[in-house]
Amino acid sequence: MRLRPGVHSLLVFILLAVVPVHSAYAQTVEAAPKAQIVAFGLSDELNVFHSEATRAAAILSQRYGRGVKPLVRTNRRGSTQATPARLRDALVATAARMDRDNDVLFVFLTSHGSPRGIAVQTGRRLGFLTPAQLAAMLRETGVRQKVVIISACYSGIFLPLADADTQVITAADATHPSFGCEKAATWTFFGRAFFSEAMPKTDNLRDAFVLARAAVLARERRERYEPSNPQMAGGQSFAGRLRAAR
């Protein structure tokens, strides 16, 4: 059946309008790096660290991991799953499944913190994971592009790990505590603001961080806490291409 000239022109117009948009979208999806997520709750002293690690990993997997199952380990009363040695093994095992040059490794750690490092607590045993130790673990993976998110007091001490290939996001600066470690809590102040509230509103980490930082500051002022000053640095080489799934 032959189409009338007017109908034929309309179909050509529609094809020219739709195909470039579809192609641009396909190129954007193809260019977006894949992500693998490792999340550790390093203290068994409060359930909030187990809850936050589990929930944050699920959100990161859904939005940046394209549904790939995250690797989550937490310490709970009577069960020691999250230690520095196991973190190293988890990072190495995850890296082995990745395209080390093009994929992105997400590492989320939540626990108490001090100016020495992030606390590793199981029962009466207490140690600290230092920035130098974590830096060595990340180097050992051989993964080029990394996002490190740390929810802990004084977590800004990890900010020196940031460079063009490593984006570091922390719940506090190097000289202040963060808040929300309570018995009945499922999130810390920063964890709720960043993962649960800000991430659904934007498709990139920088905007999510800006929203979360403002929300944390507003809550701290409302509840009369000294500002924790969440920090973000690095990741310039890939942050522009890292977009959350719609």
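Read-outs: derived from the displayed coordinates by stated rules, not from any lab. As the structure is a prediction and not an experimental result, all values here were calculated from the model. Ideal geometry is used to build each Cβ from the backbone, glycine not excepted, and the neighbour counts take in all protein chains shown.
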### Query
Applying the Karplus parametrisation 6.51 cos²θ - 1.76 cosθ + 1.60 with θ = phi - 60° to the phi angles of segment 94-111, what ³J(HN,Hα) value in whole Hz is obtained for each residue in order, glycine and proline being reported as x?
5, 4, 5, 8, 9, 7, 5, 8, 10, 6, 10, 9, 8, 10, 10, 10, 9, 4
### Summary
Between TYR64 and residues 5 or more places away or on another chain, the pairs with built amide H atoms under 5 Å apart involve ALA245
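Sorting THR110, THR130, THR94 on the 10 Å Cβ count, fewest up front, what's the list?
Details: THR110 32, THR130 15, THR94 20.
Ordered from fewest to most neighbouring Cβ atoms within 10 Å, THR110, THR130, THR94 come out as THR130, THR94, THR110.
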### Message
Can you tell me the length gained on complete extension of the stretch ASP99 to GLU197, counting 0.36 nm per residue apart and subtracting the Cα distance?
### Response
32.2 nm
### Rounded to whole Hz, the Karplus (6.51, -1.76, 1.60) HN-Hα couplings of segment 36-42, x for glycine and proline
10, 10, 10, 10, 10, x, 8
#### Entry: Order of ILE150, ILE59 - criterion: other Cβ atoms within 10 Å of each residue's Cβ, fewest first
ILE59, ILE150
### Summary
Stretched fully, the stretch from ALA132 through LYS183 gains (0.36 nm per residue minus C-alpha distance, one decimal, in nm) 15.3 nm
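Using the count of nearby Cβ atoms within 10 Å as a rough guide to exposure, how do PHE158, PHE49 rank from fewest to most? Provide the component values of the computation, followed by the final result.
On the way: PHE158 27, PHE49 30.
Neighbour counts put them in this order, fewest first: PHE158, PHE49.
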## Note on the structure
Between (i) 8, 31, 33, 14, 6, 5, 3, 1, 0; (ii) 6, 24, 29, 20, 10, 6, 4, 2, 0; (iii) 7, 32, 34, 19, 6, 1, 0, the structure-derived P(r) over Cα pairs in 10 Å bins from 0, in percent is (i)
